[in-house]
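Novice: One structure, as structure tokens, below. Some questions next.
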Amino acid sequence: MNNQIKTTVLLAVLTAFIIWIGQLLGGRQGMVIALVLAAGMNFFSYWYSDKLVLKMYRAREATPQQAPEIYEMVGKLTQSAGLPMPKIFIIPSEAPNAFATGRNPENAVVAVTDGLLRLMNRQEIMGVLAHELAHVKNRDILIGSVAATLAGAIMLLASMARWSMIFGGGRDDENSGGSGIIGLLVMSILAPMAAMIIQMAISRSREYQADASGAAISGNPEGLASALEKLGAYSGRLPMNASPSTAHMLIVNPLSGRKLMHLFSTHPPLEERIARLRGTSASTPVASHRKETARDGARSFWDHLSK
């Protein structure tokens, strides 16, 4: 199933889900209101979900004059991938991470954190950028952005349902036998889990594909493998202020340091991703990686930009 079809299915699921919630909360009138809400959310998800995600992370657009070397690297990679030049955004976070978003390759955005630029050398940053451009080429970016919006909406609806139960909004008439309250209770428990399941189903397989495609685009699988090692080593020490609804969009799970979130990881194991890139077995823990060895004495990219 291609990603255009997946996006359509996700929007249809959201519409049905919101209508169901509307019925639980307000009967037939609630269904009508929910249908209007669903139509508006579907429109917003398609056209504006990328802008919402960028705003959530306080990402700022970098011009070619402000970040000439990043634009130079992305320019080379887009030529290799046969893609149009995306916009470049910088996220003000010390945690190293990155994501791509947008409706299509013509409206794509690649966002990287300040921390990634500080901690990675040129080849590693090229590997990360190639991975994100692979998501653009594979048309993962729309479904990733839409999934983030859907997951946030599902969690919001679950919260609304819980408050409705607290204040008696879920009480049914005598003919319902209390089924409305039971339905709200089940939904309020399962909805956040459904959001996480949607993210996991979307993210895990596509990360392997983006790793392989990114390695082909850059022509240097080791650059991405080394970057993933560093990202794994730093993710626990430099946690990122990220929302669970958008965790699936980033190159590594920003919530990996939280034990509860680890149970619902949106990404495949880093060890396995690195092993696939290097053609080896996933036996060496990522946490044992030493950043001094990975750098091989190279200057950090951030230091190079500062000169």
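Novice: Could you sort out which of Lys76/Lys137; Lys87/Lys137; Lys51/Lys230 sit more than 21 Å apart by Cα distance in this structure? Present the calculation step by step, with values, prior to reporting the outcome.
Specialist: Numbers: Lys76/Lys137 15 Å; Lys87/Lys137 15 Å; Lys51/Lys230 28 Å.
Check vs 21 Å cut-off fails for Lys51/Lys230.
Novice: Here's a follow-up. How far, in nm, would the chain grow between Tyr71 and Phe43 when pulled straight, counting 0.36 nm per residue and subtracting the alpha carbon separation?
Specialist: Result for the pair: 6.9 nm of gain on full extension.
Novice: Would you calculate the separation in nanometres between label points at Gln79 and Ala16, each defined as 7 Å from the Cα along the Cα-to-beta-carbon direction?
Specialist: Modelled inter-label distance: 4.8 nm.
Each reported figure results from applying straightforward, stated rules to the coordinates on display, with no laboratory input. Please read these numbers as outputs of a predicted model, since none were measured by experiment. Cβ atoms come from the backbone with ideal geometry, glycine included; neighbour counts cover every protein chain shown.
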